[in-house]
């Protein structure tokens with residue numbers, strides 16, 4: 001599996017390299033980026049145990065001065081305290097403006113490393129090596145970086161583009177099944193918001209609930225179509241001035257569900273799946289799409305083994321109130337991304353709290 005997908009931007013364009021066993025070539029790829037000698041690899045202990053040495057060896061062999069820093073795994077560590085530890089290491093290593101931070105991990109590591117790179121010395125180089133399906137198809141592409149505030153997800157952050165995204169599908173072999181399914185939520189999202197052919201292809205698969213049931217060709221198709229969809233949207237709207245907001249489909253409710261359950265009950269993709277089902281319900285009640293299309297979406301999410309219902313013990317009023325803390329609120333109005341049909345969505349701020357209550 002070898003492909004290169006360009007992310008074309010007015011400034012700071014870059015490429016997504018999808019390459020089987022490509023991790024061992026990260027050193028050669030980094031050499032071509034015209035970056036300095038010092039590299040700090042950020043990872044978590046679990047991922048580093050599997051892929052850290054391969055990464056360090058490849059970079060060292062290519063002539064780089066490489067160090068690493070590990071942060072415990074989990075959304076609960078995606079905070080400013082973890083960023084401070086990265087700053088401390090960067091200071092001790094005397095990282096310079098042309099130095100580079102490399103994110104080796106899933107979405108949490110990618111978001112934190114990107115934010116640290118964006119803010120250290122007002123911005124140093126940054127490379128993404130995503131190791132989860134969710135980060136491969138979504139979090140590693142597009143330049144959104146950040147950490148959570150105790151009262152909301154990703155409220156502290158910056159747009160900061162990487163120099164390169166390297167996706168090696170082989171690393172998915174060590175990904176827990178639950179995390180694989182979480183990534184499939186974002187893949188389904190692209191089918192609903194942008195790519196009906198991707199949606200149809202997913203529908204035709206007999207099973208989608210684990211990596212083992214996907215053949216190599218289907219996995220390649222999923223990675224390429226998802227990354228291409230994200231690249232196309234980001235190329236048209238880098239900083240979410242309009243179109244890019246559609247990438248938040250399912251995320252408005254998801255972020256509320258995550259924060260109200262203290263990021264402990266659901267991983268991100270599971271919350272997105274719940275959010276997509278609820279958004280589909282809003283769209284159906286608003287007459288935007290048909291019951292058949294809503295059912296197609298819900299069936300595909302269920303086939304992937306993802307949750308589809310807001311937990312019964314979650315107070316709808318608290319969930320509605322939490323939406324006001326979402327980054328997408330504008331002039332006090334919550335923006336929802338709602339489907340009109342498979343492959344097309346709209347952005348609206350006309351969904352009132354009263355209307356939301358009727359959808360529970």
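The values are calculated or read from the model by the stated rules, or taken from the named source; none is laboratory data. Keep in mind that what you see is a predicted model, and the values were worked out from it rather than measured. Neighbour counts are summed over all protein chains in view; Cβ atoms, including those assigned to glycine, are modelled from backbone coordinates with ideal geometry.
Within the range 178-201, is even one residue at pLDDT 95 or above, under 27 Å from residue 34 (Cα atoms) and either surrounded by 16 or more Cβ atoms within 10 Å (Cβ to Cβ) or outside the structural domain of residue 102 (by TED's automatic domain parsing) (or both)? Within the range 178-201 (the criterion being at pLDDT 95 or above, under 27 Å from residue 34 (Cα atoms) and either surrounded by 16 or more Cβ atoms within 10 Å (Cβ to Cβ) or outside the structural domain of residue 102 (by TED's automatic domain parsing) (or both)), the answer is no, since none of the residues qualifies.
Within the bounds of the range 311-321, is there any residue that is under 21 Å from the mean Cα position of the chain (by Cα) and either on the phi < 0 side of the Ramachandran plot or part of a helix (DSSP H, G or I) (or both)?
no
Restricting to the range 1-13, and then to whatever is touching a residue at least 60 places away in the same chain (Cβ under 8 Å) and closer than 24 Å to residue 52 by Cα, can you tell me which residue is surrounded by the most Cβ atoms within 10 Å (Cβ to Cβ)? Filtering the range 1-13 for residues that are touching a residue at least 60 places away in the same chain (Cβ under 8 Å) and closer than 24 Å to residue 52 by Cα, the one surrounded by the most Cβ atoms within 10 Å (Cβ to Cβ) comes out as 1.
Of everything listed in (1) modelled with pLDDT of 95 or more; (2) surrounded by 23 or more Cβ atoms within 10 Å (Cβ to Cβ), the single unmet condition for residue 290 is (2).
Select from the range 38-54 the residues that are over 21 Å from the mean Cα position of the chain (by Cα) and within 17 Å of residue 162 (Cα to Cα) and write down the one among them that is surrounded by the fewest Cβ atoms within 10 Å (Cβ to Cβ). Filtering first and then ranking leaves 38. A search for C-beta distances below 8 Å between a residue of the range 311-330 that is outside the structural domain of residue 156 (by TED's automatic domain parsing) and under 12 Å from residue 254 (Cβ atoms) and any residue that is part of a helix (DSSP H, G or I) and at pLDDT below 90, counting only pairs 6+ apart in sequence or on different chains, returns 322/259.
For residue 298, the stated conditions hold: it is assigned by TED's automatic domain parsing to the domain that holds residue 182 and in a helix (DSSP H, G or I).
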